[in-house]
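The values are calculated or read from the model by the stated rules, or taken from the named source; none is laboratory data. What you see is a predicted model; the values in this text were computed from it and never measured. Please note: Cβ atoms are built from the backbone with ideal geometry, for glycine as well, and neighbour counts cover all protein chains shown. Heads up: the accessible areas ignore ligands, DNA and RNA and are worked out on the full protein's heavy atoms, side chains in. Shrake-Rupley method; radii C 1.70, N 1.55, O 1.52, S 1.80 Å.
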Amino acid sequence: MRKNVVAGNWKMNTTLQEGVALAKDVNEALKGVTPKCDVVICTPFTHLASVNAVIDTDKLGLGAENCADHKSGAYTGEVSAPMVASTGATYVILGHSERRQYYGETSEILKEKVALALENNLTPIFCIGEVLAERENGIYNEVVKKQIEDALFHLSAEDFGKIILAYEPVWAIGTGKTATPEQAEDMHAHIRSLIAGRYGKEVADNTSILYGGSCKPSNAKELFAKPDIDGGLIGGAALDAASFMGIVTAF
Ligand code: PGA
């Protein structure tokens, strides 16, 4: 059966020293508890190797927030999937709405990134979600369907089975405006039915689908209680060990 996962997305926050301190705090907090979910932190590239050295990776997974769409070569400033893997990280967030919106990431580009992540044994946390106008126009189900079909449905069932999905309505990210548990559950059930249609019920039942967008200790319990919500991708609330742990322990 699918795993519950709570993953932090630190975005472009913390210096190396601050990031290592935060990772140590989360690692320390996890020593006293046996969470009912896998716990992951996704940090800036610059922090990965140092964070990997101070955490117990059996209890706390480590991931990057992006990787390049090429393996190596003349791509100044880019960081490849093999480089991410060489730090000890085992996850990578791909297709976050901020990457799609500000850095022009398309499904074509994301297909390359997914392939390289899988080739390097990185678990993609693949983000999908509609913007506010699409929610208001009632086309959110179609938008998310197209994002998944275009970037992922060419994969074999085996490869698709290695992916974690994160539904993040763009209007809920960093806005304090969470999707209601009902809105989120409706979308998660929709996503699971799309997966069942393409790969069958077993693969669909085994896929972890996280919710992201202003998830906090105060609303996590209600969200995670829904049958198709298997955890969260946490931005702002992951930058404080106590609030992140408040979400981890919401299961
Ligand atoms: P937020 O971000 O929790 O700050 O809304 C979530 C995300 O973008 O992954």
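Among the residues making up the stretch 6-29, those that are touching a residue at least 12 places away in the same chain (Cβ under 8 Å), not in a helix (DSSP H, G or I) and not basic (Lys, Arg) are Val6, Ala7, Gly8, Asn9, Trp10, Met12, Asn13, Thr14. For the stretch 118-145, the candidate set comprises residues that are of a type outside the set (A, V, I, L, M, F, W, C) and closer than 22 Å to Cys67 by Cα; within that set, the residue that is surrounded by the fewest Cβ atoms within 10 Å (Cβ to Cβ) is Asn121. Taken together, the criteria exclude Ala184 from residues that are in contact (Cβ under 8 Å) with a residue 40 or more places away in the chain, open to solvent by less than 30 Å² (accessible area, probe 1.4 Å) and under 23 Å from Asn13 (Cα atoms).
Ile209 fulfils the conditions (1) out of contact with any His (no Cβ under 8 Å at 6 or more places or on another chain); (2) open to solvent by less than 10 Å² (accessible area, probe 1.4 Å) except for a single criterion, (1).
Within the stretch 73-90, not a single residue is within 16 Å of the ligand (Cβ to nearest atom) and not in a helix (DSSP H, G or I). Cβ-Cβ distances below 8 Å connect the following pairs, each with a first residue in the stretch 63-91 that is at negative phi, a second residue that is assigned to a loop (DSSP other than H, G, I, E, B) and of a type in the set (Lys, Arg), and a separation of six or more residues or different chains: Glu65/Lys11; Ser80/Lys71; Ala81/Lys71; Pro82/Lys71.
Taking into account only those residues within the stretch 218-249 that are open to solvent by less than 10 Å² (accessible area, probe 1.4 Å) and of a type in the set (Gly, Ala, Ser), which is farthest from the chain's Cα centre (by Cα)?
Ala220
Mind checking which residues of the stretch 124-141 are within 16 Å of the ligand (Cβ to nearest atom) and outside any helix (DSSP H, G or I)? Of everything in the stretch 124-141, those that are within 16 Å of the ligand (Cβ to nearest atom) and outside any helix (DSSP H, G or I) turn out to be Pro124, Ile125, Phe126, Cys127, Ile128, Gly129, Glu130, Val131.
Residues to consider are Gly8, Gly95, Gly88; find the one that is within 18 Å of the chain's Cα centre (by Cα), of a type in the set (Gly, Ala, Ser) and surrounded by fewer than 22 Cβ atoms within 10 Å (Cβ to Cβ).
Being within 18 Å of the chain's Cα centre (by Cα), of a type in the set (Gly, Ala, Ser) and surrounded by fewer than 22 Cβ atoms within 10 Å (Cβ to Cβ) holds for just one of Gly8, Gly95, Gly88, which is Gly88.
For the stretch 160-169, name all the residues that are open to solvent by less than 30 Å² (accessible area, probe 1.4 Å) and either out of contact with any Asp or Glu (no Cβ under 7 Å at 6 or more places or on another chain) or in a helix (DSSP H, G or I) (or both). Phe160, Ile163, Ile164, Leu165, Ala166, Tyr167, Glu168 - these are the residues of the stretch 160-169 that are open to solvent by less than 30 Å² (accessible area, probe 1.4 Å) and either out of contact with any Asp or Glu (no Cβ under 7 Å at 6 or more places or on another chain) or in a helix (DSSP H, G or I) (or both). How many residues are within 15 Å of the ligand (Cβ to nearest atom) and assigned to a helix (DSSP H, G or I) if we restrict to the stretch 188-222? Residues in the stretch 188-222 being within 15 Å of the ligand (Cβ to nearest atom) and assigned to a helix (DSSP H, G or I): 4 in total.
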